[in-house]
Amino acid sequence: EQKRKGPGSVGVFNEGIYTALRHEQSLRDGLRYAIEKNEFTLHYQPIMYADGKRMWAAEALLRWNFKGDNIPPDVFIPLAERTGLIHDIGNWVLHRACIDAAQWQFDDSVAVSVNVSVSQLMDDSFIRSLDRVLEGSGLSPQQLHLEITESVFAENTEHVLKQIQAIKARHIQISIDDFGTGFSSLGQLHSLQFDHIKIDRAFVQKLEEGSDTIVRATLMIANEFHCLTVAEGIETAEDAVRLRAMGVNCLQGFYYARPMPARELLAWYTDN
Ligand code: C2E
Ligand code: MG
Ligand code: MG
Ligand code: MG
């Protein structure tokens, strides 16, 4: 514990805040150059059909190595959103993921699933970026899924609808990510025509404490809207058995595989 006295003394409490702010400032500065310094990589996590044997898709998850530390996306993605860097970063992710997926040697039906921030989706240039990336990579649009969180429903519905329609017109599929944690209404779900619903891992991990009701309700909604369902955060064989029995279509979690670099994915796939 530091207790400096005299001019410039800020006290223990303020010093903590000061350090945190310095840290955030340093991350913010670092983030600006992360692309050109090659500090980003994508890891991929398999999403399995409920039988647990076949891969349905692989989710691209961004990794940032900054000054030797791995900064979690839950820390730097919100920062990228606040600073507007998310557009360049999001484009980098989309580009990298489509190039990787175009080179995969799996069954052609295996898709790559890319997380898209709401502000990225709402940007007018987003659809142009999509077209450019698809053309540049040669990836079939049917092999691309975009994951959008439920917070999209807090936005101007008209513009969301326009963006979603442009995406769907390209035969790209859309997943609602972290379903159940946000504020979507049934009416919005209906008008927005999503393809898949990803049930947040918070519910998967609390099945015993009553969230099986939420999972069942979600499955009914998905069924009504002809959406596929994916359960996130499958960590044990027991989780897998239970969600499969409930009728979830696809399963994702550490039980099957952790996110891994692109080159390891093929080896993992052939070994499994
Ligand atoms: P998400 O899209 O819901 O991704 C799933 C997160 O759960 C990933 O965390 C993944 O590593 C983790 N996960 C998967 N299976 C399990 C499991 O069995 N148990 C547990 N405890 N966790 C599991 P990660 O990679 O740290 O990413 C966190 C969030 O950051 C993502 O949540 C997503 O919202 C965001 N994110 C990551 N990459 C990107 C990106 O390229 N663009 C955008 N916009 N957001 C991203
Ligand atoms: Mg996701
Ligand atoms: Mg999720
Ligand atoms: Mg999440």
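Quick note: the coordinates plus some simple rules give every number you see, no bench work behind them. Bear in mind that the values here come from a model prediction, so they are computed numbers and not experimental data. In this analysis, Cβ positions are derived from the backbone assuming ideal geometry, glycine residues included, and neighbour counts consider all displayed protein chains.
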Quiz prompt | Simple label model, 7 Å out from Cα along Cβ direction - H23 to S119, nm | solution = 2.2
Practice problem: Grab the Cα-Cα distance for A267 and Q165, subtract it from 0.36 nm times how many residues apart they are, and report the gain in nm with one decimal. | Solution: 33.1 nm
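Where does each of T181, T19 land when they are ranked from fewest to most other beta-carbon atoms within 10 angstrom? Could the numbers behind the result be given before it?
Details: T181 15, T19 10.
Least to most surrounded, the residues fall as T19, T181.
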Quiz item: In nm, what is the difference between 0.36 nm times the number of residues separating T236 and L79 and their Cα-Cα distance?
Solution: 53.3 nm
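Between E135 and A245, what's the calculated FRET efficiency when r is the beta-carbon distance and R0 is 41 Å? Round to 0.05. All intermediate terms of the calculation are to be shown ahead of the outcome.
On the way: r = 43 Å, r/R0 = 1.05.
It comes to 0.45.
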Quiz item: Assuming R0 = 51 Å, what is the FRET efficiency of E15 and D108, from their Cβ-Cβ distance, to the nearest 0.05?
Solution: 0.35
Quiz item: Which one of Y256, I172, P78 has its Cα pushed farthest toward the positive end of the charge dipole of the chain, where Lys and Arg give +1 and Asp and Glu give -1 at the Cβ?
Solution: P78
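Using the 10 angstrom Cβ neighbour count as an exposure proxy, how do E208, E232 rank, fewest first?
Working: E208 8, E232 22.
The fewest-first ordering by Cβ neighbours comes to E208, E232.
About its Cα centre, how strong a charge dipole does the chain have in debye, to the nearest 20, once Lys and Arg get +1 and Asp and Glu get -1 at the Cβ?
On the way: 26 positive and 37 negative charges, 124 e Å.
Dipole about the Cα centre, nearest 20: 600 debye.
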Quiz item: At a Förster distance of 45 Å, what's the computed FRET efficiency of K37 paired with Q193, Cβ-Cβ distance as r, to 0.05?
Solution: 0.70
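When the helix-only estimate is applied to the chain (DSSP H runs of n ≥ 4, each -39,500 (n - 2.57), divided by the residue count), what is the mean residue ellipticity at 222 nm, nearest 500 deg cm²/dmol?
Estimated from H runs of four or more residues: -14000 deg cm²/dmol.
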Exercise. Go through L192, T41, G247 and say which Cα lies farthest out towards the positive end of the charge dipole of the chain; charges sit on Cβ, +1 for Lys and Arg, -1 for Asp and Glu.
Key: T41
Quiz prompt | Nonlocal amide H pairs with F194, under 5 Å, H built at 1.01 Å | solution = none
Exercise. Please tell me the relative contact order of segment 201-256 in percent, rounded to the nearest whole number, where contacts are Cα pairs under 8 Å and at least six residues apart.
Key: 35
